[in-house]
Structures are given as structure tokens and as C-alpha cells.
Amino acid sequence: MARYAMVTDITKCVGCQACTAACNAEWEVPAGLARTHVRSTPIAGTFPHLSSTFYVAQCNHCDHPPCVEPCPTGATSQLPNGIVQVDRQVCIGCGYCVEACPYQARFVNSELQKVDKCDFCAARLERGQQPACVNTCTAHAKYFGDLEDRSSDVFRLVYDHGARRVESQAVAVGPNVYYRGKPQHLELLA
């Protein structure tokens, strides 16, 4: 069984928002909401040695997702391949899982009154396609694949090139979205 993960190379990301636009179009996300957000970090350092970067925030499909347990209906669950999903037929839109996510990667869809989030484009994966954000990234900064497949780009970027998770002692839930970049930029993501 595959164990899916995504890597964003922040040395390549230009903050163009193509990934956000592709995701919103693919999944008909209401205006003002997004499953994927391109954010810029605060500026760090002292002049003239200032540092900032872009990063793409989304559901991290954590190894130990804190959003699953608080769901009173079982609408939020994790598949064997690591994808954390929301069953809209079962979701009542209470938002408990939204509050439980330490990455602020979930929202209540204002049109459906159901929780929405990135699902690594599970429907596209079933058709043998890459997630919409990966497929559309103009800078080729996003990679998706099986973290257990030694021949995958994701495996290579994580295990050979040091892509890392955004975690802290307070939030150590095993996110499966990784970031590759210069050390000074990666420190800004924490």
C-alpha cells in the first residue's frame, strides 16, 4: 500500500497562487475560501540581511491526525494510504475537526455547510492523475508520490535532500507535507 506525501520546494515557489486557483477550480471551492493557501512568512533578520519565503499551507495528512477523534459522526477518517478525508454524506458541519487542526487547514464550506479540506485530490489519484496543485505548479515546486517508494521524487527529496516536516514539540503529529529549502527559510515556517 502506498503512503502518500507531498513536498514543496520553497526555493522554487514564486508565490503565484496557481496551485490555489487550480485547487479551487477543480473542487468548486467558494470564493474567499481555499483548500490550499500560498502564504509568505514574516520578514526575519536585520537589514541588509533580511529573509522571507513563500510556503504552501494545506492539510498535512498527518500520521496521527488530531482532527479524526473530535468528529462526532465519523465523517473524518484516515485511509490506509494516509489520506485524511471527509465524508460529506456523514459530515454535519459542526466544525469540531476544524478547531482540532493545528495547521488551520480545514474550513466549513459556506455553500454546502460541510467541512472541506485538501484530500490530495483523491478522485484524481483514482484516475491515475497527479493532484491539481502539482499538475499546475508553474515553478515545478510541488511533488507528490509514495513516501515508501525509493524511486519516487518524494522519497528522494525527503530522505536524500532533507525536505522536512513543519512540527514543533507542541505539534508533533507526523505531517506528510514536507518542505525543502534553505535552512534560514525553513526556520521561518515553524
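The values are calculated or read from the model by the stated rules, or taken from the named source; none is laboratory data. Values in this document were obtained by computation on a predicted structure and should not be read as measured data. Glycine gets a Cβ as well: all are built from the backbone with ideal geometry, and neighbour counts include every protein chain shown. The area values use the complete protein model at the heavy-atom level, side chains included, leaving out ligands, DNA and RNA. Shrake-Rupley method; radii C 1.70, N 1.55, O 1.52, S 1.80 Å.
Within 10 Å of each candidate Cβ there may be at most 11 other Cβ atoms; applying that plus a DSSP loop requirement, which trypsin sites (Lys or Arg not before Pro) in segment 85-190 survive? Sparse-neighbourhood loop trypsin sites (Lys or Arg not before Pro): Arg127, Arg150. Each helix, a run of at least 4 DSSP H residues, gives -39500 (n - 2.57); summed and divided by the residues of the chain, these come to -4000 deg cm²/dmol at 222 nm.
Would you work out the charge dipole size for the chain about its Cα centre, treating the Cβ of every Lys and Arg as +1 and the Cβ of every Asp and Glu as -1, and quote it to the nearest 20 debye?
380 debye
If you take the Cα centroid of segment 45-79 and the Cα centroid of segment 17-43, the two points sit 14 Å apart.
For the chain, the longest principal axis of the C-alpha atoms and the axis of helix 18-27 are separated by about 10°. Model label sites at Phe47 and Lys12, defined 7 Å from Cα along the beta-carbon direction, differ in position by 3.5 nm.
In segment 88-156, one over the average inverse separation of all distinct C-alpha pairs is 14.3 Å, which is the Kirkwood hydrodynamic radius. Which entry in (1) 26, 19, 17; (2) 45, 16, 14; (3) 46, 22, 15 matches semi-axes √(5λ) of the Cα gyration tensor in Å derived from the coordinates of this structure? It is the value labelled (1).
For segment 64-119, the solvent-accessible area with a 1.4 angstrom probe is 52 square angstrom per residue. On full extension, the segment bounded by Ile92 and Glu148 gains 16.7 nm, given 0.36 nm per residue less the C-alpha separation. For segment 65-89, the residues whose amide N sits under 18 Å from a probe point set 7 Å from the Cα of Ala2 along the beta carbon direction are 78-86.
The value given for segment 32-91 is a Kirkwood hydrodynamic radius of 14.4 Å, derived from the mean inverse Cα-Cα separation. At full extension, Ala31 and Thr73 could sit 12.4 nm farther apart than now, given 0.36 nm per residue minus the alpha carbon distance. Can you send over the carbon and sulfur percentage of the accessible area for segment 34-164, probe radius 1.4 Å, protein chains only? The computed percentage sits at 50.
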